[in-house]
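Working notes, structure below.
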Amino acid sequence: MRHSASHVMAGAVQELFPEARFAIGPPIEDGFYYDFDLPRPLTPDDLRLVEEGMRRAIAAEHPFSQEEMSQEEARKLFAGQPYKLELLDDIPDDTVSIYHHGDFIDLCRGPHLPSTAEVKAFKLLSISGAYWRGDEKRPMLQRIYGTVFETEEQLQDYLQRLEEAQQRDHRRLSRELDLVSLQEAVGPGLALWHPKGGLVRHIIEGFWREEHLKRGYDIVYSPHIARADLWRISGHLEMYREFLYSPIDIDGQQYILKPMNCPFHILMYKSRLRSYRDLPLRWAELGTVYRYERSGVLHGLARVRGFTQDDAHIFCRPDQLRDEVVGVLELARFMLHSFGFQDYDVLLATRPEKYTGSDEVWEQATAALRSALEELGQPYEEDPGEGVFYGPKIDIKLKDALGRGWQGPTTQVDFNLPQRFEVTYTGEDGQEHTAVMVHRTVLGSMERFLATLVEHYKGAFPVWLAPVQAVIIPIADRHLEYAGQVETELKGAGLRARVDSRSERMNQKIRQAQMEKVPYMLVVGDREAEAGAVSLRLRSGENRGQLPVVDFITEAGQAITGHL
């Protein structure tokens, strides 16, 4: 139905713009889109006209008809459609398939509904720009997104969820809450962490470090660039080239911005001889990496070009592998639950089309991951062909308000890099053995994790994560001194508090604190100063009334410690 709806939409666009040149119009999860090269920019009014054209086509009950023809015939048919001609270049067969309904004809394999009449409850959603084939060096096209469901009820339910997702959109909330910005002057996909966002990140990273040290990890650091030869040995130059930035020449040597942290940790391991008694070694790093992503796939903080991974690598013996993977999965689950995530999908990603290493090694690594999942009783689905080039992995996808999955924790077993770099240990038998390596993150990247947190909590972080936990609001200037005393007392108790000393009205200050998603607003006036108290309001709008400062400190402290 969604594929058919994209054709119905394209036919309506053709009615509106007879000179339109058509690119592609696939179905996607929850909807469809079509890319067009048009004589002028589309407007919201155009969407309304296109919808009207779609309704006419649906009412006309045009059948969807398939026809097969030769490449030569198709090229004559699409002579004025350069994007279709380019698509024909990619079809190796001499015979191609087309579909038509009414006056609209498209190069298409199908399938489609029997007729336009079976396209049910639909809605066109938005207009955006999209480079042809996702390449910023190619023409910029106009993309119309739409959705369609079997019933009007399903459509309205989706539109409500879409509205909720828009209200939770981290791109808007991060800007409004002054957490992070992405600015053209810096470059696409490169985030600037503002003081409030930096404080939230500091809290996350502090919690992360504390838990890792408790579980036997050591913290390491590595540089942002390395000689190109290192990435040649690791296989990244061969298997990951499309994501690497161009080399930098330094003293006649070529250096590359690191896309991964793993080769550095391997070199640390190889800096001395290792015994079987030394293993496992668990080394963790909040390492910033750089990967080239096409402009068309960048998405706020969720898809960027420079990001910090909560990365770690475990070097172990084969007989230790399953226990180490189990430990990683337990830590990932603990971290997610601590930050309030209960709804996520677990995927076991298997060997991709391009890979290194023997099939036997891949089967051994995949079996270890599967065994760990089953030992924990963790439900999972297989994700065929989605492993990384050096090994299979377990991916945990965090769900947003629309149920879409975003990459979170990942656990990867790697027998290949240890072989490439000759990562060995001396066994109990006195012989050299190749170590097994586990790559893992338990949050993902700091950028994407913040985006997910913002959307999960709609910007209203739990008290322990809130950059400002309490705003003290004096009713009049004469109450500023007492407000300062309360601030000092709260900060002494470890709370993040500030006084709003602006010359605005009290209600305006309360409103501003609510918009900033501050958990507590403490109003102070004559009565509060005399009683050593505050008048407590919550960001929900609830007015709790007066209570002693010491009681508020106790209540806030319980809210902070109660997150675990």
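Per-structure values
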| quantity | calculated |
| --- | --- |
| Output for the stretch 2-46, where each listed residue is closer than 28 Å to Arg404 by Cβ, of a type in the set (Phe, Trp, Tyr) and more than 30 Å from the chain's Cα centre (by Cα) | Phe22 |
| Residue in the stretch 61-79 that is within 23 Å of Ser115 (Cβ to Cβ), under 29 Å from the mean Cα position of the chain (by Cα), among the hydrophobic types (A, V, I, L, M, F, W, C) and buried (at least 17 other Cβ atoms within 10 Å of the Cβ) present | no |
| Subset of the stretch 351-387 (residues that are in a loop (DSSP other than H, G, I, E, B), more than 29 Å from His456 (Cα to Cα) and modelled with pLDDT of 85 or more) | Arg351, Pro352, Glu353, Gly385 |
| Of the criteria (1) surrounded by 23 or more Cβ atoms within 10 Å (Cβ to Cβ); (2) closer than 17 Å to Ile510 by Cα, which one Gln469 fails | (1) |
| Any hit, the stretch 420-435, residues being under 28 Å from His337 (Cβ atoms), in contact with a strand residue (DSSP E or B) (Cβ under 9 Å, 6 or more places away or on another chain) and not hydroxyl-bearing (Ser, Thr, Tyr) | no |
| Checking Ser222 against (1) modelled with pLDDT of 95 or more; (2) surrounded by 14 or more Cβ atoms within 10 Å (Cβ to Cβ); (3) in a helix (DSSP H, G or I); (4) in the same structural domain as Leu331 (by TED's automatic domain parsing), the condition it does not meet | (3) |
| Residue match in the stretch 126-139 (condition: exposed (fewer than 15 other Cβ atoms within 10 Å of the Cβ) and without any contact (Cβ under 8 Å) to a residue 12 or more places away in the chain) | yes |
| Residue tally, condition in contact with a Phe, Trp or Tyr (Cβ under 7 Å, 6 or more places away or on another chain), at pLDDT below 85 and of a type in the set (A, V, I, L, M, F, W, C), over the stretch 388-412 | 2 |
| Residue satisfying all of: in the stretch 414-434; part of a loop (DSSP other than H, G, I, E, B) and either hydroxyl-bearing (Ser, Thr, Tyr) or over 32 Å from the mean Cα position of the chain (by Cα) (or both); surrounded by the most Cβ atoms within 10 Å (Cβ to Cβ) among these | Val423 |
| Hey, Arg143 under 23 Å from Arg40 (Cβ atoms), basic (Lys, Arg) and touching a residue at least 60 places away in the same chain (Cβ under 8 Å) or not | yes |
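Yes/no matrix, rows are residues, columns are (1) assigned by TED's automatic domain parsing to the domain that holds Glu432; (2) closer than 25 Å to Leu443 by Cα; (3) part of a strand (DSSP E or B):
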{"position": "Asp249", "(1), (2), (3)": "yes, no, yes"}
{"position": "Met260", "(1), (2), (3)": "yes, yes, no"}
{"position": "Ile266", "(1), (2), (3)": "yes, yes, no"}
{"position": "Ser271", "(1), (2), (3)": "yes, no, no"}
{"position": "Thr288", "(1), (2), (3)": "yes, yes, yes"}
{"position": "Tyr292", "(1), (2), (3)": "yes, yes, no"}
{"position": "Leu301", "(1), (2), (3)": "yes, yes, no"}
{"position": "Thr308", "(1), (2), (3)": "yes, yes, yes"}
{"position": "Phe315", "(1), (2), (3)": "yes, yes, yes"}
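The values are calculated or read from the model by the stated rules, or taken from the named source; none is laboratory data. Because the structure is predicted, anything quoted here is derived from the model rather than measured. Heads up, the Cβs are rebuilt from the backbone with ideal geometry, glycines too, and the neighbour counts pull from every protein chain shown.
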